[in-house]
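The numbers here are math on the coordinates, done by the rules we state, and not lab data. Model, not experiment: these values are computed from the prediction. Positions of Cβ are backbone-derived with ideal geometry, glycine not excepted, and every protein chain shown enters the neighbour counts.
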Amino acid sequence: MTVTRVLVVEPHAPETELLTAPAIREAAAILRRGGLVAFPTETVYGLGAVATDARAVARLFAAKGRPADNPLIVHLAAAEDAVRVARDIPPEAWRLWARYAPGPLTLVLPSRGTVAPAALAGLPTVAVRIPAHPVARALIRAAGAPIVAPSANRSGRPSPTTAAHVLEDLAGRIDAVVDGGPAGIGLESTVLDVTRRPAIVLRPGAVTVEMLEAVLGDGAVVDPAAPLREGEAPRSPGMKYRHYAPDVPLALLDLEDGAGAAVEALRALLAGSGPPPAVLATEEDAARLRALLAAAGVPSEKVLWVIVGRRSEPQTVAAALYGAFRSLRPEAVSRAFFVRLPETGLFRAVMNRVRKAAGDPPFPG
Ligand code: TXA
Ligand code: MG
């Protein structure tokens, strides 16, 4: 058991100021000694270790309980540094970095072989991200090394968006957490494999397919898990399944098609004994569902409403999602429902995480 230190930094301090802040110097020293330090990024909190330190990387996998076949992302302070960990970097990568680095975009590239092999799960490729958060950037600079950083949660749990979430999962298992306030976007980075043409989205994020194609051109990017476009031939499956699971069963509720079925399912659940169901919905959708329930004579006071941002402002939904998942306690709710959102723009990434958390069970029926 390790004592996990909490190193507090000013949430909005600029990178240059942070570089010499005592908390960052201390965090960097811990990393250089082979320690594990969680820190905020503009997506979610990451759990850092020096990428070339095989022992630190082994400790990191153990602390998270992460399967050895799931590779880590290497975080760098500048795109130019990618040549230290990757080789044969395609022109597409440089064009994307010119527009979106630093930022929530991770590129899969051929590995140079300089990173600890376990960090790459033995793959010949390396995933590279240049984070935009000043704390992340200052810490990488101060450590003077590439930093691997998976999300700082126990494997299978929702990613942490605050230092408190990190401590919930990893207190006693890591050396420190830098508390720099809430992470920004709230969802993990877009992962794009640029070793293939067209490039393939392995994980949707805040940098959308539309944004990627704005740089690389129409048709230069495919998202194999996206709903098929009109007239498009079915693509091969093969995305490995991953959960972001809350502690209670989660299912999708559709208010567009079959709202009647959703209302009747909730009526039946509310009539039973035991803890009530929770409904996770945007402000707008919660109001709509309340009205539908009221119109059908279903008492909705027993429902635990968890408001997940505003539909009119997708970034508020992304920022609230994982905190909402973590708020679901089996003592308080029997199961939870998420009111489905359209799979466009940032909601595409939101719905990707929700579907994985739900394990795609059809509901009702
Ligand atoms: O926003 C983020 O990316 C956050 C922050 C902390 O930077 N990090 C993060 O890391 O989400 P993690 O480990 O939770 O997710 C990394 C994802 C996994 O789905 C992993 O399979 C994929 O990236 N990945 C890493 N290296 C890869 C590679 N060489 N090829 C394909 N996928 C890779
Ligand atoms: Mg993760």
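At a glance:
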quantity: Amide H contacts of V177 (H built 1.01 Å from N, under 5 Å, at least 5 apart or other chain); calculated: R5, V6, L7, A38
quantity: Exposed GluC sites (Glu not before Pro) absent - longest run of the chain, DSSP non-H/G/I/E/B, at most 12 other C-beta within 10 Å; calculated: 1-229
quantity: Relative contact order %, region 95-219, counting alpha carbon pairs below 8 Å whose residues are six or more apart; calculated: 28
quantity: ³J(HN,Hα) computed for each position of region 39-46 - Karplus, 6.51 cos²θ - 1.76 cosθ + 1.60, integer Hz, glycine/proline x; calculated: 8, x, 10, 6, 9, 9, 6, x
quantity: The chain - charge dipole about Cα centre, Lys and Arg +1 at Cβ, Asp and Glu -1, debye rounded to 20; calculated: 1020
quantity: Virtual paramagnetic centre 7 Å along Cα→Cβ of S155, amide N under 17 Å, in region 179-219; calculated: none
quantity: The chain, helix-only ellipticity at 222 nm - DSSP H runs n ≥ 4, -39,500 (n - 2.57), divided by all residues, nearest 500; calculated: -9500 deg cm²/dmol
quantity: Highest-first arrangement of 108-115, 142-149, where packing means the average Cβ count within 10 Å; calculated: 142-149, 108-115
quantity: Net charge of neighbours whose Cβ lies under 9 Å from the Cβ of R5, counting Lys and Arg as +1 and Asp and Glu as -1; calculated: -2
quantity: Ranked list, fewest to most other Cβ atoms within 10 Å of each Cβ, for K356, K64; calculated: K356, K64
quantity: Centre separation in Å (Cα based) which lies between region 93-110 and region 121-166; calculated: 16
quantity: For region 35-61 and region 293-334, distance of Cα centres in Å; calculated: 32
quantity: Whole-Hz couplings from phi, Karplus 6.51/-1.76/1.60, listed for region 197-213; x for Gly and Pro; calculated: 10, x, 5, 10, 6, 8, 8, x, x, 5, 8, 7, 4, 4, 5, 5, 6
quantity: Kirkwood Rh (inverse of mean 1/r, distinct Cα pairs), the chain, angstrom; calculated: 21.4
quantity: Taking the chain and dividing mean pair separation by its residue count, relative contact order in percent (alpha carbons under 8 Å, at least six apart); calculated: 19
quantity: Placed amide H near D223: partners under 5 Å, 5+ positions off or other chain; calculated: V201
